[in-house]
Amino acid sequence: MPENLNPEQTRAVETTEGPILVLSGAGTGKTSVLVARLVHILASRLAQPWQVLALTFTNKAANEMKNRITDRLANEFDDFHVQDIWCGTFHSMCLRILQQNTIRAGLNPGFIIFDEEQQKAVLKNVFAAMGADSKEYDAADWVEKISRIKDNGRVENIDVGPRTKKILDDYNAELRRQSAIDFGDIILMVLNLFENAPDVLEKYQNKFKYIMVDEFQDTNNAQMQFIKLLTQGRENPNICCVGDDDQSIYSWRGAEIRNILEFDKTFPGAQIIRLETNYRSTGNILGAANSLIRHNNGRLGKDLHPADEKYIGEPVYVLTVPSNFDEAKLIANTILRYANGQYSDFAVLIRTGSLSRGFEEEFAAAHIPYRLIGTTKFYDRMEIRDVIAYLRVLTHPEDDISFARILARPRRGFGPSAIAKMRASGGYLFDGLKKANFGGKQGNTAKEFMAVFDFEWKSMAPADATKQLLENAGYIKYWQESKDPDANDRISNVRELITNVIANYNSLQEFLEHAALMTTDDNDVEFGADSQAVNIMTIHAAKGLEFDTVFLPAWEDGLFPNDKSIKEGGMEEERRLAYVALTRARRRAIITNTMSRVIFGARQYYPPARFIAEMDARYLDFGGRAQPYERKPTQHKPEKPKLQSVVGKLVVHDELGRGVVIEERDNILTIAFNRAGIKKVARDFVKFVD
C-alpha cells in the first residue's frame, strides 16, 4: 500500500469490490488515488494487467497514469508490462476493439478515420448532390450537429427530422464508400457491435475484471452506454468512477451531468467516497468556492478544506475599477510588482477568448511575457493536415477527401470540371484520374501526380517514406518558393512532424491512427519547464491546472454569468465554471469587475456578477488593494479602521456623473446615479461633494 494517503484516499484505493463513485474535489489528489488503486489491484494479484480497463479523457492523462504505474511496479514484478493494461481515452480503447473485430463490426480492413476537415468536405458533396443552397447548409454546423447526434449513442434511438435523417444517411453512406468512419463513429460502432454480436460483448465483459473511469462527470450518453454494456448482467460489477459533479462544465460538448448524479441508480448499492482534503488552495479560497457552489441544487454535496487547517491565507480580493482598460492595467501592475521574474505563477482566466485582447495589449506595452492558450493546435495546422492527406492517399487511394486536398497543393490545374470527369470515370477519384484520359499539359500533369505515389514505400521506414513522398510531390519546394510569410514556420513544422513524430511509429498506418485521434482529442496544455510567461486562457482551458495567483476579470452579469445562461436557465453550469476558476488558485485569487466596459466599440454597463454576492463575505476582501502574498497566513483578518458612514452623501464620478450613496460595504459604495442608474463603485473612484 502506498504511503502518504489520507484516510479517505486509502478507503478509495482499498475498496476494490463492487461499484464505487469517488467524488474527488479540486486539488484532492485524484490522479494519485487512481494510480494507487490500479497499483493496489495489480500488486495484490486481484487481476492481471490485461484484465484492467482504465478510461481517461486525454492521451496525456493516460500516459501519466502509465508512467506512474510503471515507476511503482516495474521493479517489483519481472513479468509486468504496462502496455498490457487497457489504459487510454474512450475513443482509443474503442478503436482498439474495432481493430480486433473489424469484419464483425461491418468495416473494411484498414478503414480510415476522417477528421473534421474531411467531414466538412463530405458534407459539401452531400449538399451539392441534394441541390441544397450552400448559404443555408453550413458544413461546419452540420459536422457539429452530427457529432452531437452520435454522442447520444445508437442513432436509431434518436428522434431526428426527415431532412436531418436524409443528410445523416447520405453522409454515412459516403463515408462507407470511402472505407472511412468519423470520430463519433468510433464509440457508436462499438455499441452497435456489442448489440449485434452478444458473443463479442461477452468476451470483453469477461475480459475486464476491473473498470476505472476518470473525469466521470464529463461522460456523454454514448460513453455511458459503453460502460453500461460492459457491466450489464453483473450483480456487483467492479467499476470505479472518479469525478467531481461540481466541475461538470462541458454540457455544450455533450457531457451529461446526470451520469454522475444518478450513479447510485445506475449501479444499485454503489458506495460514494468523498475526497474533500484539498492540497492546493488556502482556507479562504476554498471557503469562498464552497459557499458559492452551495447555491447549486444539482449536486451530490461535499465541502473542501485545506490539508493544513491552520493555513487560512489571504482573502479572495474583489476589486471594482472604472473600465476594462483600468482592469488590464491593474492586473499588469500587480504582476509587475510581485512577479519577481516568476511570470508562470500568474494566470488570467477569462470566460470567453474575446476578452483576451486588452490583456495582450497591456502586457505587451508593459513588457510582461505572456502565452495565449488557444492558438492553432499542431495537428490542426494547414501544413500538417496536408502531409497527413498525402500519407492517407498513399496508404488508402480511395480516400477522395484527402485526394482532393493534395491535388490542389501545390496547385496542379485541376478544377471542378476535371474533378467531375475523374468522378465519372472511376469508383474513386484516384482511380478516375487514371481512367479519365486527360490530354495535353493536363495529361502530363496527371501522369506526374500518379508517379508521386509510385515507389516502394512499404519497405521503407515511415519517416523515410514520408520524406520521399513529399519530395516526389514537390511539397517542401512549394513552401520554399512561396511568398507566404509563414512559409519557413510551415517547413519547420513539417520537419518536426517527420523527425519527432512519424519516426517513432512502426508503420504509416499506426501513425495515421494516432493522427486521427490527435486532431479531435482535447489534449491538455503543455508548458515548458523553463518558460516564464503569464498564462492567459479561458476557464475551460484551465481546468486541471493550478497557479499561485489567479486573476478573474469581467465578473459581471451578462459576461460571467453570460447573458445566454441567465436567460436560458444555464446558471448552475456557469456557477460550476466560477467554482473551477476559483479553485485554480493556490495562494491568491483576485476577482475584478468594471463600472463600464467598451465592447466592439460601444460602452456597456454591467452590474457585478451575482456570484460575488453569493459568496460568504467572511472569505472576501473588498478593500480595493491587493497585498503581497508573501505575508504569513493568519487565523483571522486584521481589523480595519472604521470609517464614518457616507450613506446619503453626494458624489461625482468621472464617467458616471453625479449620484447619491445609498449603501456602503467596506470600500464598496452602492450609488444611485442620475443617468447611469444604481452602480457599485469603489470609494477611491468617486469625489464627495460638500
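Structural remarks
- Residues of the stretch 197-215 satisfying the condition of being in contact (Cβ under 8 Å) with a residue 60 or more places away in the chain and loosely packed, with under 14 Cβ neighbours inside 10 Å: Lys207
- Subset of the stretch 571-596 (residues that are of a type in the set (D, E, K, R) and either within 24 Å of the chain's Cα centre (by Cα) or open to solvent by less than 10 Å² (accessible area, probe 1.4 Å) (or both)): Glu572, Glu573, Glu574, Arg575, Arg576, Arg584, Arg586, Arg588
- Scan of the stretch 268-283 for residues that are open to solvent by 10 Å² or more (accessible area, probe 1.4 Å) and not acidic (Asp, Glu), ordered by number: Pro268, Gly269, Ala270, Gln271, Ile272, Arg274, Thr277, Tyr279, Arg280, Gly283
- Verdict on Ile249 being within 22 Å of Asp151 (Cα to Cα) and outside any strand (DSSP E or B): yes
- Scanning the stretch 348-376 for residues being open to solvent by 30 Å² or more (accessible area, probe 1.4 Å) and in a helix (DSSP H, G or I) gives a total of 10.
- Hits in the stretch 90-120 - residues which are open to solvent by 30 Å² or more (accessible area, probe 1.4 Å) and either assigned to a loop (DSSP other than H, G, I, E, B) or under 27 Å from Arg163 (Cα atoms) (or both): Ile103, Arg104, Gly106, Asn108, Pro109, Gly110, Glu116, Glu117, Lys120
- First in the stretch 379-408 and touching a residue at least 24 places away in the same chain (Cβ under 8 Å), second anywhere and of a type in the set (Ser, Thr, Tyr) and assigned to a helix (DSSP H, G or I), Cβ under 6 Å, 6 or more apart: Arg392/Ser402; Val393/Ser402; Ile406/Tyr390
- Subset of the stretch 301-347 [assigned to a loop (DSSP other than H, G, I, E, B), of a type outside the set (Asp, Glu) and closer than 30 Å to Leu275 by Cβ]: Gly301, Lys302, Leu304, Ala307, Lys310, Tyr311, Ile312, Gly313, Pro315, Gln342
- Residue within the stretch 21-43 that is free of Cβ contacts under 8 Å to residues at least 12 places away in the same chain, at negative phi and outside any helix (DSSP H, G or I) present: no
- Qualifying position, being open to solvent by 50 Å² or more (accessible area, probe 1.4 Å) and of a type in the set (Phe, Trp, Tyr), among Tyr379, Tyr428, Tyr390: Tyr428
- Flag for Ala487 being open to solvent by less than 20 Å² (accessible area, probe 1.4 Å), modelled with pLDDT under 90 and within 32 Å of the chain's Cα centre (by Cα): yes
The values are calculated or read from the model by the stated rules, or taken from the named source; none is laboratory data. Small disclaimer: the values here were computed from a predicted structure and weren't measured. A quick note on method: Cβ atoms are made from the backbone with ideal geometry, for glycine too, and the neighbour counts reach across all protein chains shown. These area figures cover heavy atoms from the full protein model, side chains too; ligands, DNA and RNA do not enter into them. Shrake-Rupley method; radii C 1.70, N 1.55, O 1.52, S 1.80 Å.
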